[in-house]
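Enquirer: Below you will find the structure I want to go over with you.
The values are calculated or read from the model by the stated rules, or taken from the named source; none is laboratory data. These numbers come from a predicted model, not from an experiment. Here the Cβ positions follow ideal geometry from the backbone for every residue, glycine too, while neighbour counts run over all protein chains shown. Heads up: the accessible areas ignore ligands, DNA and RNA and are worked out on the full protein's heavy atoms, side chains in. Shrake-Rupley method; radii C 1.70, N 1.55, O 1.52, S 1.80 Å.
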Amino acid sequence: MVMLKYLRMLLFPVAMLALNTTSHAQIAQGQPNVSIENELTKIPDARSEARRTLPEFLKRYHNRGPNDGMFAVQFPLDGWKHVWVDVKSISETTVTGTLRHERAIEDHEEGDTVSFDLDEISDWIYHDGQKLHGAFTSRVMLDRQDPETARTIREIFGWTE
């Protein structure tokens, strides 16, 4: 449960990043939010890395070990808002899973079953019992956390960098 708390803490800012590129104070002062703009430039690279390494995720999903779990993927719901889905099944072309999103999305709720093309996956995660693998877009967001929270997240997820 502790891992899930930190996973949600880390994943939520990724979803918000695409929607909030500048703060209200910065808009009023006419200043760009350089930190967020820098992170926005890293998201496409993170998604490219997720796509490049997707075969690793698929292989592990189809050959799960006894300690493997928490298989989830991200895709652009309704073609634009990247959301996480807990995977129920993966065929050669389609992913089916449960929407994992705490905030209301028009016409969708957390827990809804969704299906989408495999080639729409923009990120992936799974836990092997010791380490969280993937989460490329979420790792970009670690710099937004205070140093202690970032250290705790890295420790809990087994990310040593």
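Enquirer: Ranking request for peptides 118-130, 148-160: highest mean number of other beta-carbon atoms within 10 Å first, then the rest in descending order.
Expert: Descending mean neighbour count gives 118-130, 148-160.
Enquirer: Under a plain spin-label model, where a point goes 7 Å from the Cα along Cα-to-Cβ, how far apart in nm are GLU92 and GLU120?
Expert: Each label point is offset 7 Å from its Cα along the Cβ direction, giving 2.0 nm.
Enquirer: Using a 1.4 Å probe, what is the accessible area per residue for the range 69-154, in Å²?
Expert: Numbers: 4100 Å² over 86 residues.
Solvent-accessible surface per residue comes out at 48 Å².
Enquirer: Whose amide H sits under 5 Å from the amide H of ASP123, counting only residues 5 or more places off or on another chain, with H placed in the peptide plane?
Expert: Amide H to amide H, under 5 Å and 5 or more residues apart or across chains, ASP123 pairs with GLN74.
Enquirer: What is the dipole size for the range 36-161, taken about its Cα centre, with +1 at each Lys and Arg Cβ and -1 at each Asp and Glu Cβ, in debye to the nearest 20?
Expert: Working: 16 positive and 25 negative charges, 104 e Å.
Magnitude of the dipole: close to 500 debye.
Enquirer: Apply the Karplus parameterisation 6.51 cos²θ - 1.76 cosθ + 1.60, with θ equal to phi minus 60°, to every residue of the range 110-127 and state each ³J(HN,Hα) to the nearest whole Hz, in sequence, with x for glycine and proline.
Expert: Residue by residue, the range 110-127 yields 4, x, 4, 8, 10, 10, 7, 5, 4, 6, 8, 4, 10, 6, 8, 8, 7, 10 Hz.
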